[in-house]
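Here is the structure we will look at.
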Amino acid sequence: MLEERKVQKAKITLMRDPRFALWSGILMVGRTSVVDNIPTACTNGRDEKYGRKFVAELKEPELNFVVLHENLHKAFRHLTTWRKLHDENHRLANAACDYVINLKLKDIDPSERTIAMPKWADGELKGKAMGLVDERFRGMNAKQVFDILKQEQEEGGSGGDDGDGEFDDHDWDGAKDMTEEEKKELEREIDQAIRQGMMAQQKIAGTGAGGLDRELAELLEPKVNWREVLRDFVKSICNSKDASSWRKVNRRFLSTGTYMPSLIGEKVGHLVIAIDTSGSVGDAELAEFLSEVKGIAEEVNPACVDLLYWGSSVVGHETYGDGEAANIINSTRPKDGGGTSPSCVSEYLKEKNIKPECVIILTDGVVGDDWGSEWTAPTLWCIVGDYFDGEAGNGKTIHIKN
């Protein structure tokens, strides 16, 4: 059990060191085991596994580094947040996550007094660091790093890794096998662990101690349910719905175990749904968004839904009349829009004399200063992904995170 004791000692060392107080709670999340069937170390985002031979060969500061490395994968939810990157390119996803973490660890202990990146003990690589570090990626998240590595690979490069720069693996399959309930529970545990670590850090450094990583701070922000915001926006336009009916249960309250009637009244007029198909809105996001639009349309019963696909121009226009919105997912035919210019939508509505009661726009938000102009109806911008984190130049903005 010598290797188990070494891992346990590493965790105790890290938790007792004031420099690592922020991560003290994360170190206690999930199960930790030493096994014979993996060459180095890995995590599924909750549990950690360490190869017995690998642990035996590492020096104490190197093992401390590896243990904290695995736990930062957990803290930043890499194995659940960036599943799409893994599905696109497994190697680049692994490298991107490691680049992000290793820079943070090097900053905490630059003198390598307590944590030191493992080095190759022999061969041609003797003395060379086993992990990936590159100053170019400072301040970036895994998606931003991945995009750069992917571009470099497409241009004939190695994608930032020559094959000798990884000292751990990532258990993406183990993360995928967790149930939705387990993932939600894990998210709560991690959130609580980080907040406990923040309290410990503040006690050590003094009240109001700052320095919390930006990406970590974003993970701790209260999550806004974009579906609820989207529904509330549409319903706020439906002023005529002032009567209630039990013929259809109000779905909004079902999750609380409460049965309430739906609002009824005169039909809503036109809804315009304008979807950016310039390439950054993926099939999964589009399907999820259209599913929610379908549910809203069924609930507010619009007289007409104009569904537009756009990029540098409006390339598709589908119209769904009374009661036809239920077929929107199966019947729609998205079309590639090329560039990204929201003004083409506002101009199109003006040209075709379309006067909706509200306009809902799905885009990645990478539009420069072009947010359209002369919108004649309340406008809701649904920003998908992590490319743009600000507010639209007009109307109301909600963010749909990948």
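No lab work stands behind these numbers, since they all come straight from the coordinates. These numbers were taken from a predicted model, which means no experiment stands behind them. So basically every Cβ, Gly included, is an ideal-geometry build from the backbone, and we count neighbours across all protein chains shown.
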| Above-threshold pairs, the threshold being 22 Å between Cα atoms, out of K235/K294; K74/K176; K11/K59; K294/K350; K106/K126; K119/K150 | K294/K350; K119/K150
| query | Hey, what do the phi angles of the stretch 298-312 turn into as Karplus ³J(HN,Hα) couplings, whole Hz, using 6.51/-1.76/1.60 and θ = phi - 60°, x for Gly and Pro? | reply | 5, 6, 9, 6, x, 6, 7, 10, 9, 9, 10, 10, 8, x, 7
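Order of 378-387, 108-117 by packing, highest average Cβ count within 10 Å first? Don't jump to the answer; show the numbers that get you there.
On the way: 378-387: 21.4, 108-117: 15.3.
With the highest mean Cβ count within 10 Å placed first, the list reads 378-387, 108-117.
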| task | Return the aspartates and glutamates within reach of K352: Cα separation strictly under 18 angstrom, same-chain partners fewer than 8 residues apart disregarded; answer none if there are no such residues. | result | D306, E318, E374
| task | Please sort 330-338, 10-18 by packing, taking for each peptide the average over its residues of neighbouring beta carbons within 10 angstrom, highest first. | result | 10-18, 330-338
| If packing is taken as the mean number of other Cβ atoms within 10 Å per residue, what is the order of 27-40, 68-81, 303-316, highest first? | 68-81, 303-316, 27-40
| task | Report the full-extension gain for the segment E374 to M15: residue separation times 0.36 nm, less the Cα-Cα distance, to one decimal in nm. | result | 123.5 nm
| task | Between Q153 and D191, with labels modelled 7 Å along Cα→Cβ, what's the label distance in nm to one decimal, could you check? | result | 3.3 nm
| query | Between K128 and R91, how many nm apart are label points set 7 Å from Cα along the C-beta direction? | reply | 1.5 nm
| said: Can you give the Rg/Rh ratio of the stretch 311-402, where Rg is from the C-alpha atoms and Rh is the Kirkwood radius? | reply: 0.95
| said: Check which residues have an amide H placed less than 5 Å from K119's amide H, if you skip close sequence neighbours. | reply: M130
| R333 paired with E57, simple spin-label distance in nm, labels 7 Å along Cα-to-beta-carbon | 5.9 nm
